[in-house]
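*Asks:* After the structure tokens below, expect a handful of questions from me.
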Amino acid sequence: MGFWKSLFSSTDASIEKPTSTESYVVPGSGEGGSDRATPRIFFSTEREIDLYELEELCDAVGWSRRPLRKVKKAIQHSFLVASMWEQRGAQRRLVGFARATSDHAFNATIWDVVVHPDFQGKGLGKALMKFMIKKLRSEDISNITLFADPHVVNFYRNLGFMQDPEGIKGMFWYPD
């Protein structure tokens, strides 16, 4: 499935409503020379994302390329778009991304969860997913699903997602 990788269900009424931009302190981010500005990680729901920068992020994790016009259309038609940025002085860098589609009432599916390899293992993927879940729950979405490659199933399981809840099995149709 390449770029569109990323079925589980989770509800958590205790998650508070987030703001559209939130900051996250990267562990160990204060280490660095005095000539470098201390980095700050922040989340945004702004949809105006440089598609070439997003493509570079996806390339960094080895995802297949998709036509940019389709990526743009997918973002435009998503219910929620979340991006994660590293701010270092005046420079800003896209380091994470996720989006969700929804019926605007009961269900949402999270897609395209990606964190740059330089930022993996620091709790940022978990923070990005919690941001997504908080935003979806603030819209009263109670059934959140996603698709995951086998090597990241445990990551999502640790966030409360489960495989085949109540014996539900996903089905797929692909063109020949």
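*Asks:* What are the residue pairs meeting all of these: first residue in segment 142-171, first residue on the phi > 0 side of the Ramachandran plot, second residue not in a loop (DSSP other than H, G, I, E, B), Cβ atoms under 7 Å, and 6 or more apart or on different chains?
*Replies:* Hits for this filter: zero, empty list.
*Asks:* Another one. Need a quick list: helices (runs of 4 or more DSSP H) entirely within segment 58-176 having at least 3 residues that are buried (at least 18 other Cβ atoms within 10 Å of the Cβ).
*Replies:* 124-138
No value in this document is a laboratory result; all are computed from the given coordinates. Note that this is a predicted model, so its numbers are computed, not measured. Counting neighbours? That spans all protein chains shown, and the Cβs are built from the backbone with ideal geometry, glycine included.
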